[in-house]
Each structure stands twice: as C-alpha cells, then as structure tokens.
1. Using θ = phi - 60° and the Karplus form 6.51 cos²θ - 1.76 cosθ + 1.60, what ³J(HN,Hα) does each residue of region A:12-22 get, whole Hz, x for Gly and Pro?
2. What does the charge dipole of region A:99-195 about its Cα centre add up to, to the nearest 20 debye, if the Cβ of each Lys and Arg holds +1 and the Cβ of each Asp and Glu holds -1?
3. I'd like the interface area for chains B and A: accessible area of each alone minus the complex, both sides summed, 1.4 Å probe, protein heavy atoms only. What is it in Å² to the nearest 100?
4. How far, in nm to one decimal, is A:Pro59 from itself in the other copies if the label point is set 7 angstrom along Cα toward Cβ? Shortest first, please.
5. What part of the accessible area of chain B, given as a whole %, is carbon or sulfur when the probe is 1.4 angstrom?
6. Compute the relative contact order of chain B as a whole-number percentage, counting only Cα pairs closer than 8 Å that sit 6 or more residues apart in sequence.
7. Using a 10 Å cut-off around each Cβ of peptide A:125-138, what is the average number of partner chain Cβ atoms that fall inside?
8. Using a Förster radius of 45 Å, what is the FRET efficiency between A:Glu190 and B:Glu5 based on their Cβ-Cβ separation? Nearest 0.05, please.
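The values are calculated or read from the model by the stated rules, or taken from the named source; none is laboratory data. On a predicted model such as this, the values are computed, not experimentally measured, just so you know. Reconstructed Cβ throughout: ideal geometry from the backbone, glycine too, with neighbour counts over all protein chains shown. Keep in mind that these areas ignore ligands, DNA and RNA; they rest on the heavy atoms of the full protein, side chains included. Shrake-Rupley method; radii C 1.70, N 1.55, O 1.52, S 1.80 Å.
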2 protein chains.
Amino acid sequence: MGKNEFLEAKESALKSLETACVEQKVDEGILQILELINRIEGFYTSSSCAGRIVLLQIPQIGDKRGATFLGVWHRTIEIKELKAAATNATKGVLWLLAQAPILHIGAQTLEPANMMVKTAISCGFKNSAIKSVGKKIRIEICSTERLDAPIGRDGCLFCNDEHLSLLVEISNEVIERSRKKIDRLVKKVEKFDVC
Amino acid sequence: MGKNEFLEAKESALKSLETACVEQKVDEGILQILELINRIEGFYTSSSCAGRIVLLQIPQIGDKRGATFLGVWHRTIEIKELKAAATNATKGVLWLLAQAPILHIGAQTLEPANMMVKTAISCGFKNSAIKSVGKKIRIEICSTERLDAPIGRDGCLFCNDEHLSLLVEISNEVIERSRKKIDRLVKKVEKFDVC
C-alpha cells in the first residue's frame, strides 16, 4: 500500500472513530488505547471492542446470522441482570459469552506491524497476529481468556443459582483481566517507537 | 531466515512428526493435511491438533499450569463418558472445552505464507493468521467454533442431564464441523501452488 493510500485509509478510519465517539458507540474502556495507537505514524485502528459479557440466543447451532443479543455488558455484571435478560429468551440455544478485548489495526509497513504484535503479546494479548500482509496490512490484538457456555434452550435457563454464580464470577474475571491488560498495553504503546 | 536455515528447521520438524507418528501421538484426523503441507516447498508443520473435547479441572481461575486433564477425546463423545470422567474431579473449577483444529506452520517466505492463510480462511478457518514475521515466519490455522463452559466446582458437576445433553451435542458439533473443514482444506492444499 502506498503512503498516500495508507494516509487516506487512516483519515477515513479516524473520521469513523470520531463519529462513533459522538454517537457514544465506542467502549469507554478502550478509547485511550485507540487514541494512543492512532497517534503513531503508520498505524490506525478500526472496529474494536473493550471486552464484553453477552447473552446470546442462537436459533440453530452455527446460525450466527439469526442470533439475537438478549444482553450486552461492557462491564462486570450481577446474577440478577443475567436472569432478567434471560427472561426474554424464546427459541434456540442460550449462550453466555465473556469476550476479551479485540483491537483491529491497520499498519503501513510490516516491521512496525510485527513489533506491535509482539508488544501486545508481551502485555498478555497472546492471540495477537498479523491477519493479512497483502495490499493492506491488518493486525488483530486479542487475548485468550473467554467463556463460551451454552446455558439454556428454548426459553429455559438450565443453570441453578450455584452454577449461575460460577458463570458470572468467571465472566467478571474475564472483564477485569481485560482491563488490566489494556492498562499494560497503554503503558507500552505510550513508549512505542517505530524508528 | 536463509534457505539453509529453513531447510534445517523443516528437516527437524519432519523428524519430530515422524517420531510422534511412531509413538502414536499424532491425531489421525490431521495426519493427511500435515503430510500435504509438508510436501510443499517452503512450508513445514509443527505441533498441531485435529480438534478435541476436553474435561479440565483448574484449581484457581487463570491457573492453567495447575490444570488437570480429566478427559481428552479427539472424537465425538457420549454423555456417559463425560459423566464418568467427571467422577475424578476433586478441587477447583471443572471446564468442558470443545476445541477446533489448530495447525502451526513454518513458512520460508511471506507471500506464500499469506496465501496459505487466505486458503485456510476460505475453508472456514477464520481465525487463521501470521503469528510472526521476524526471523521465522509462523502461521496458525484455526477456526472460531468453540465451547468453553465452566460446568462444576470442587468435585460437583452442576449440570442436569438436559444441560449435559446440550453441552455434548454442541461439543460433538464442533468436532464434526472441524472434520469437514479439514476435508475442505485437504482439497485446497492438494492444489496449492506457490509459484
């Protein structure tokens, strides 16, 4: 990708981020690291998430397109919130997901892209990698903690309170660990030197 | 990485694979694709897994080093097998995991590495990426289906039969989809052309 082409892509990505900020569609917990990365020459961020807990209803296994979000929380939760969201379940498998942060980054050249991946891995984002090195260089920063648990079917929650308590405890742990990893990444990216 | 260095690494990886085969430590379901990749100049495979269902006991959240494998199946399972394995649980959180295949590949040069990632993605291995482009070029081929469900604690299984049946059904689905994706990858890699 030529320099001009990269700069155009970066400008467009920054505008999208600005719009998303105005519309309050950017997770607060991730804004600082996105801004820091965007300040570095040769990088820009695209769609990213600070980590979240999700209650999802999937009509048939694998049918992600037909999935309904019954609850989305970018923070730790309480059992009663999960139970309340589950009352809206109707048909299909109920999944509780706890997802670590995911950052998508465009890079101008390969060596700094590789450095960014190594930096992220050193902060605990062990699932980070270069997704593409073709015309565009794309990085994904992600860690390995997660919970993907089927917890009910056709409107019925299968878990008793003891089980729900364990699931919520672990989901909250994913969120808390995510925050710590983002804090670590912020400190490293502040010192990131592409030269 | 120079050509000689790459060839040495490939030779060493092939020897390891041969030893693992003799010791029956290679998942049968993955051997064909590993052999096909190793036949291509400029690539070699390292530690890989055909996908599996695992019953894991983790003493404390995040303490993967202290984890105990109570059951590992590289095939679909029945509820009674899961229940039997769970009787050996003692202390900590019981996790049921269903994991898609994961292939680790070394590549000599970047362009074919990128092509291999794109090929894998087109076969449904959407989580494939270039993990490193430094001295060694390393690819990971992986897909997104998975189940990571805490199902008990301190020797107690929290799930009733209805819930276990759902968990086993979905875990088996992960294994079956994995097989289909590997079959698709076999067909594509047979025609893979690095020129």
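1. Using θ = phi - 60°, the values come out as 5, 5, 5, 5, 4, 5, 4, 4, 4, 5, 4 Hz.
2. 700 debye
3. On the way: alone 11210 and 11220 Å², together 19240 Å².
By this definition, chains B and A bury close to 3200 Å².
4. So the distances to the same position in the other copies read 4.8 nm.
5. Here it works out to 49 percent.
6. Details: 342 pairs, mean separation 45.5, N = 195.
The value is 23 percent.
7. Values: counts 0, 1, 5, 2, 12, 10, 7, 6, 9, 5, 0, 0, 1, 1.
Taking the mean over all residues of the peptide, I get 4.
8. Values: r = 36 Å, r/R0 = 0.79.
Plugging the Cβ-Cβ distance into 1/(1 + (r/R0)^6) gives 0.80.
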